[in-house]
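The values are calculated or read from the model by the stated rules, or taken from the named source; none is laboratory data. Since the model is a prediction, treat every value here as computed from it, not as a measurement. All Cβ positions, even for glycine, are placed from backbone atoms using ideal geometry, and neighbour counts span all protein chains on display. These accessible areas exclude ligands, DNA and RNA; they are computed on the full protein's heavy atoms, side chains included. Shrake-Rupley method; radii C 1.70, N 1.55, O 1.52, S 1.80 Å.
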Amino acid sequence: MDLQEALASPREGMDYDVVVVGGGPAGLATAIRLKQIDPELSVVVVEKGSEVGAHILSGAVIDPSGLDQLLPEWRQDGDRPLETEVKADHFLVLGPAGSLRLPNMLMPRLMSNHGNFIGSLGNVARYMAVKAEALGVEIYPGFAAAELLFDDAGAVTGIATGDMGIAKDLSVHDGFTRGMELRGKYVIFAEGARGSLTKQLVKRYRLDAGRDPQKYGIGLKELWQVDPAKFRPGLVQHSFGWPLDNRTGGGSFLYHFGDNLVSVGFVVHLNYENPNLSPFDEFQRFKTHPAIRDTFEGGKRLSYGARAITEGGYQSVPKLAFPGGALVGCAAGFVNVPRIKGSHNAILSGMLCAEHVVAALKDGRANDELTSYENAWRSSAIGKDLWTVRNAKPLWSKLGTVLGIALGGLDMLMQEKLGFSLFGTLKHGKADFATLKPIAESKPIAYPKPDGVLTFDKMSSVFLSNTNHEEDQPPHLQLADPRIPIERNLPLYGEPARLYCPAGVYEVVYDDPVAKTDPRFVINAQNCVHCKTCDIKDPSQNINWVPPEGGGGPNYINM
């Protein structure tokens, strides 16, 4: 059987009241709330990770307000997913050799982490999945939503999971299996930042019309088990400054929780200008700072991962509703950037969406536009949360780290105390892919070699992410024009994919490395940790990330 014949074979299908794409906090909150309101509804969640939580990566200091509303009994559960409450909150400014701790009294009240919990967002998702299944939600991990289904009027009616058993050369294996159609009266997309189907929906229905471009960061994270003498349970430490320069936005975190565990992470805003910058290597360099390195001496690195983060906030939230479905969570861009938190809004958006879906179904509606959900979010707790911080990211981007953060903090304080902003609502400007300067105009950056004790290379890091893909499958990193990396990106920008990718997926290989002749662009797709940075930052917008076979990718533990 050839490929054309295989793809012509019919798919099996299943019908539900609601189909949810994505088994993270937003998708599971949607499913749980639907069943809480109407236990008779049929609800299915499809998740591309090998299990719920496998692809979830977050800091994570978690604001429990969403979880408290959705599952108010969670604090009393014997298997509760969050145990460590925040006990201390530190904010540091790092210089090349020293640090300055900012007084907590100068910080806006919303920046306080007291009352929040430190833990693993993946474990929160696993806990929520158990609760969802107990309510009768069907959850199918290991199945990637690969295709949108539409009716004749152009409304979304469902999704199809990816076909299994197609080889890299597009021949068909003996074990070929056609994907499944999951059809619903409404389809809710909770794919996280830069979801592949969400991207198609935004374009098809022009959901970003009249909005600012979505902005992103890349978050890199390691989980360490540290020397008990250096462990401070409940300590939350954030910093900004070195090793990034004043024009490059970003920052870091250290969170102490659990059994001598420390989550350490580094975020680089993807509107950076220098194509020589490597977010991964900036992260490794950060750990060598005198104020940071002592925490990890004598410790052991347990895991590594990376993920794009939505940073556009209030101005960049697309239209949430379209014929047949809606966006929730990070697919909608509900991250509060100054707080580095989005899981509370993800859960709240899933609940809000579910309530409007149930109302529509009770009215006998299906596959139409949930206009009431779109109209409701700005006056909800989500809208209020994002409104107060709406100028923090634009000020940082326009004015640099020192002045931008200072004025952003002042703006938040004024809104907190006086209820208004001197700046109104600022715009973000360019999309992140359009911010790189030519390499000829950019400062070279020399990164030190990793020592294998405190600092590491990409390959050993990817190993700790438990990333695995079936190698004989069609590439999930697709080039619109295979010539662009070498003919345009290499001479103009030094081909930045080899640097912005945190997993060593992209390489430029020369037949003669010394003379640098006959360069070739190589894609090591098996290393991909599904961060989506390439889809966002490629200056030619030439790379399209699509889901690999279901179950492929990282398998994060306690991340």
Requested in this report: Express in % the proportion of alpha carbon pairs of segment 1-124 at distances exceeding 18 Å.
Outcome: 69
Requested in this report: Hey, can you grab everything whose amide H is under 5 Å from the amide H of GLY494? Only 5+ residues off in sequence or another chain; H modelled, so Pro and N-termini drop out.
Outcome: ILE439
Report summary line: For LYS437, counting only lysines whose alpha-carbon sits under 24 Å away and dropping same-chain residues fewer than eight positions off, the answer is LYS215, LYS393, LYS398, LYS427, LYS516, LYS532, LYS537
Query raised in the report: Dividing the Cα convex hull volume of segment 352-491 by residue count, how many Å³ per residue is that?
Result: 288
Query raised in the report: In sequence order, what are the phi-derived ³J(HN,Hα) couplings for segment 354-368 according to the Karplus relation 6.51 cos²θ - 1.76 cosθ + 1.60 with θ = phi - 60°, rounded to whole Hz, with x for glycine and proline?
Result: 4, 5, 6, 5, 4, 4, 5, 5, 5, 7, x, 8, 6, 6, 10
**Report entry** Proximal lysines relative to LYS168, as straight alpha-carbon distance under 20 Å, when same-chain residues fewer than 8 apart are discounted
**Finding:** LYS48
Query raised in the report: According to a simple spin-label model (label point 7 Å from Cα along Cα-to-Cβ), what is the distance in nm between ALA153 and ASP511?
Result: 6.0
Report summary line: At R0 = 22 Å the Cβ-Cβ FRET efficiency linking THR177 and VAL130, nearest 0.05, sits at 0.20
Query raised in the report: Where in segment 13-33 is the amide nitrogen less than 11 Å from a point lying 7 Å along the Cα-to-Cβ axis of ALA366?
Result: 15-18
**Report entry** Summed residue charge, Cβ within 12 Å of SER9's Cβ, Lys/Arg positive, Asp/Glu negative
**Finding:** -2
Report summary line: Applied in sequence order to segment 554-559, the curve 6.51 cos²θ - 1.76 cosθ + 1.60 (Karplus, θ = phi - 60°) yields integer Hz couplings, x standing for Gly and Pro, of x, 10, 6, 10, 6, 9
Report summary line: The set of residues whose placed amide H lies less than 5 Å from the amide H of ILE139, leaving out same-chain residues fewer than 5 positions away, is VAL45
Query raised in the report: By the scheme Lys and Arg +1, Asp and Glu -1, what is the net charge of all other residues having a beta-carbon under 14 Å from that of LEU71?
Result: +1
Query raised in the report: If Lys and Arg each add +1 and Asp and Glu each add -1, what is the summed charge of the other residues whose beta carbon sits under 11 Å from the beta carbon of ALA431?
Result: 0
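Of all the accessible heavy-atom surface of segment 3-73, with the other protein chains kept in place and a 1.4 Å probe, what percent is carbon and sulfur?
48
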Report summary line: Expected vector for segment 97-109, Karplus 3J(HN,Hα) from phi with 6.51, -1.76, 1.60 and θ = phi - 60°, integer Hz, x for Gly and Pro, equals 10, x, 8, 10, 8, 7, x, 4, 5, 8, 8, x, 4
Query raised in the report: Can you work out the FRET efficiency for the pair LEU7 and PHE420, with r the C-beta to C-beta distance and R0 = 41 Å, to the nearest 0.05?
Result: 0.10
Requested in this report: Quick one: pull the percent of accessible area on segment 355-432 belonging to carbon and sulfur, 1.4 Å probe, ligands and nucleic acids left out.
Outcome: 61
Query raised in the report: Where the Cα atoms of segment 446-559 are projected onto their three principal axes, how long is each span, largest first, in whole Å?
Result: 42, 35, 25
Query raised in the report: Non-local amide H neighbours of GLY158 (under 5 Å, H modeled in plane, Pro and chain starts lacking H): which ones?
Result: LEU149, GLY184
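From the convex hull of the Cα coordinates of segment 95-254, what is the mean projected area in square nanometres? Spell out each step's value before the answer.
Working: hull surface 71.1 nm².
That works out to 17.8 nm², a quarter of the Cα hull's surface.
Of the peptides 39-49, 76-86, how do they stack up when ordered by the mean number of other Cβ atoms within 10 Å, highest first? Walk me through the intermediate numbers first.
Working: 39-49: 21.4, 76-86: 14.3.
Those peptides, ordered most packed to least, come out 39-49, 76-86.
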Report summary line: With the 1.4 Å probe rolled over protein heavy atoms, the chain has an accessible area per residue in Å² of 40
Requested in this report: Round to a whole angstrom and tell me the spacing of the C-alpha centers of segment 434-477 and segment 23-48.
Outcome: 36
Report task. Mind giving me the FRET efficiency for ALA88 and GLN541? R0 is 35 Å, r the Cβ-Cβ distance, nearest 0.05 is fine. Result -> 0.20
